[in-house]
Amino acid sequence: MTTEQSGTTGRPGAEPLPDGTGTQDRPDETAGAAPPGEGGTAGSASGKDDTEKAGANPSDEAGSAGDSSVSDDATGKKADARDDATGEKAGAGDKGATGTAGDEPADPWSAFGPAPEPVLGRARRAVRAVGRFLVHEWTLAAVAALALAAAMTWPTLRYPRHTLPQDYWDPSLQAWQMAWSGHILRTDPAMLWHANTFYPENWSFAFSDTLLGYAPAGLIGAGPEHAVLRYNIMFVLAHALAAFGAYVLARQLGAGRIGGAVAGASFAYAPWLLAQAGHLHILSNGGIPLALAMLARGHGWSLRYGYRPRRRHAGWAFAGWLVAAWQLSLGFGIGLPFAYMLAGTGVVAVVLWFVRRRRVKRPFGRRLFLADVFGGLAFAAVGAALAVPYFKVAELHPNAERTLGDIGLYSPPVSGFFTAPAESRVWGGLHEGARAVLPWHPEMTLLPGFALYALAAGGLFFSVWRVRHRIFLLAGVLVTMALAMGTRFFGGRFTYVPLFDYLPGWSGLRTPGRMMLWTTLLLGLLAAGAVTAFCMRVRELAAERVPPWPGPWLRLATLLPLALVLVEGLNATPQPVVPRQPAAMRTVDGPMLVLPSSQNLDQPVMLWSTDRFQPMVNGGSGFTPRSQARIREATVSFPDYASVDYLRQIGVKNVVVLRDELAGTPWEGMLDRPVDTPGVTREQVGEAVVFRL
């Protein structure tokens, strides 16, 4: 029988399969050969890559629209050139065999062939592109993350102009920070770090984490009401980005969709984060996993499939560096450990490349190398520019620096890892006794979720990750837990104290328990590996049934881990009403002092100043400047001559006294004192009394 009669393609080297059905190709000795000058490594790596791509689940890689990009290495270019040359030769051969159109009659069977695809116009191509975007995995994941964030943070968006989550102290400060950054960038960017608070101090915007990355949001709206609305919107968006970022990272590393969802939900809604509801700079952590996912995607690396050079993409790597720089701009509280982690990862990567350089001659293409160089420089430049004001503050205010004694006050014991905060709807009431024995439970209730613990423990024995990767993830969990304990883990001599002593900036971190952020992320990745393996097994069991019943019910069971994680993340966070802005704050000029004054009382005052941003002595941060402490002490006897004279010397022109806030403070009864100082006038403005000096 001839080749035409058997129905085969006539390829040279075609052989019948052992079972006699069809043919198989004889191995081509030149197919896997490396291009000249590349050695045999690149060709074998490329062949391995193709095998993995052919045998893997189509959804196992978190590559987005850039997945189809071709690497810029020499192997890919030469392979494409070889394919083009082969195609041209094949076309020439066909033409020679069939002759010209006039030599032979038309094939009568061509009428039964498939109709040519119509050429789409520009409008239809645009509609089709939009349709593909709307049903893309990342679009659906982003929409789901937003909807989930609105539900899991409810009732934050119930009265977004009038309430703040947890309390109105630190959230008022952070609402003012976003408003100030937007206002000053619009009016006088050179004065960014010299805020209107803590008068007469300079560099006051660097007295705490700044949320500077949210400055574009601060450009929209003005006044306290818009500042509160802006804060609540960013509060919800921060949760959405955290869930989306961890989902993308888990998918890029090789987890399935449900496994990635478990990683995202556990990272964004871990019970311990409910105690941080008043700290937006801690909740704004989604840039960390998102940047790691982009960097891994750009370098063609995943935890499940290893290094795949043909999936490299310089654009994703550069974008990852930019996202990391943006994350750093939100604050050093969680940004500094992230920066050191990236630096350590870079050092390890360089060492591994140096060790393996003979086996993998070109782990980077030229574009990827340049993307890493310029991206890393951009990240370092942002970090250096942000660090300058903080070093200046440390120089001017030695009392702002933390000591090991301060770290010890906030270092949690082991029991903190199994204790939930009061804001947890599921565990809050049950763990009331456990919280009572913690010295400072708002920063020591570090439960990431019992469901997450169980899933991560299962992931040590049943997972899609390799055994060595599970061991690395477990080691990361244990190390970050030890760091989160601060000086409680053998005094911190081998964990936290060396970092405190030798890493620049680490001494400014007050609460070691926030290292639990990394523990939660690593536990989520362990859980994602287990859930992905479980989902794969469920699909296998469903496929083995004839008929495949109850396949849908088995698939529905794969959502149970996700449901358990989300249930533990339900909140009972209070939503107090923000104190109303006094009318005097809209009319009185600065420099001014609002009494009574304290750390907590000054934070709403900062929010009230967002109408006009007049200079004011008031301000709340992680420490109290000595000048502010002296002013508070000097004005206890206000409005006597000594206090008025002191305020005049430092430039204060007006003093606003909040009548309803005086009870129980050192300034109680001050309004009953006579005003005997020459040049001082007293005026009632709404519920406040204004003294003009």
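Scanning segment 574-623 for residues that are crowded, with 22+ Cβ neighbours inside 10 Å, out of contact with any helix residue (DSSP H, G or I) (no Cβ under 8 Å at 6 or more places or on another chain) and small (Gly, Ala, Ser) yields a single hit, Ala584.
Taking only segment 445-485 into account, find how many residues are open to solvent by 40 Å² or more (accessible area, probe 1.4 Å), part of a helix (DSSP H, G or I) and among the basic types (Lys, Arg). Here the count works out to 1. Do you know which of the residues in segment 652-676 that are part of a loop (DSSP other than H, G, I, E, B) and of a type in the set (D, E, K, R) is least open to solvent (accessible area, probe 1.4 Å)? Restricting to residues being part of a loop (DSSP other than H, G, I, E, B) and of a type in the set (D, E, K, R), the top hit is Arg673. Please indicate, with yes or no, whether at least one residue in segment 622-643 is touching a residue at least 40 places away in the same chain (Cβ under 8 Å), touching an Asp or Glu at 6+ places or on another chain (Cβ under 6 Å) and under 30 Å from Met152 (Cα atoms). There is no residue in segment 622-643 that is touching a residue at least 40 places away in the same chain (Cβ under 8 Å), touching an Asp or Glu at 6+ places or on another chain (Cβ under 6 Å) and under 30 Å from Met152 (Cα atoms). Checked against (1) in contact with a Gly (Cβ under 8 Å, 6 or more places away or on another chain); (2) open to solvent by 30 Å² or more (accessible area, probe 1.4 Å); (3) β-branched (Val, Ile, Thr), Thr532 meets all criteria but (2).
Six or more apart or on different chains, Cβ under 6 Å: which pairs go from a residue in segment 476-491 that's under 17 Å from Arg510 (Cβ atoms) and β-branched (Val, Ile, Thr) to one that's assigned to a helix (DSSP H, G or I) and open to solvent by less than 20 Å² (accessible area, probe 1.4 Å)? Could you list them? Pairs found: Thr487/Ile407. Could you say whether any residue in segment 192-206 is over 24 Å from Gln581 (Cα atoms) and in a helix (DSSP H, G or I)? Scanning segment 192-206 turns up at least one residue that is over 24 Å from Gln581 (Cα atoms) and in a helix (DSSP H, G or I). Taking segment 157-203 as the search range and keeping residues that are among the hydroxyl-bearing types (Ser, Thr, Tyr) and open to solvent by 40 Å² or more (accessible area, probe 1.4 Å), which one is nearest to Leu146 (Cα to Cα)? In this case the residue turns out to be Tyr159. Restricted to segment 259-356, the set of helices (runs of 4 or more DSSP H) holding at least 2 residues that are surrounded by fewer than 21 Cβ atoms within 10 Å (Cβ to Cβ) comprises 314-329, 332-356.
Within segment 145-173, the set of residues being farther than 17 Å from Leu570 by Cα and assigned to a helix (DSSP H, G or I) comprises Asp170, Pro171, Ser172, Leu173. Taken over segment 576-630, residues that are hydroxyl-bearing (Ser, Thr, Tyr), part of a loop (DSSP other than H, G, I, E, B) and more than 19 Å from Leu396 (Cβ to Cβ) amount to 3.
Considering Leu566, Leu595, the condition of being under 30 Å from Leu521 (Cα atoms) and in contact with a Phe, Trp or Tyr (Cβ under 7 Å, 6 or more places away or on another chain) is satisfied by Leu566 alone. Hey, does segment 499-521 have a residue that's in contact with a Leu (Cβ under 8 Å, 6 or more places away or on another chain), open to solvent by less than 20 Å² (accessible area, probe 1.4 Å), of a type in the set (Ser, Thr, Tyr) and at pLDDT below 95? Looking through segment 499-521, none of the residues is in contact with a Leu (Cβ under 8 Å, 6 or more places away or on another chain), open to solvent by less than 20 Å² (accessible area, probe 1.4 Å), of a type in the set (Ser, Thr, Tyr) and at pLDDT below 95.
The values are calculated or read from the model by the stated rules, or taken from the named source; none is laboratory data. Bear in mind the structure is a predicted one, so any value in this text is a computation, not a measurement. Because the Cβ atoms are built from the backbone with ideal geometry, glycine has one as well, and the counts that use them run over all protein chains shown. In case anyone asks, the SASA skips ligands and DNA or RNA and just uses the protein heavy atoms, side chains included. Shrake-Rupley method; radii C 1.70, N 1.55, O 1.52, S 1.80 Å.
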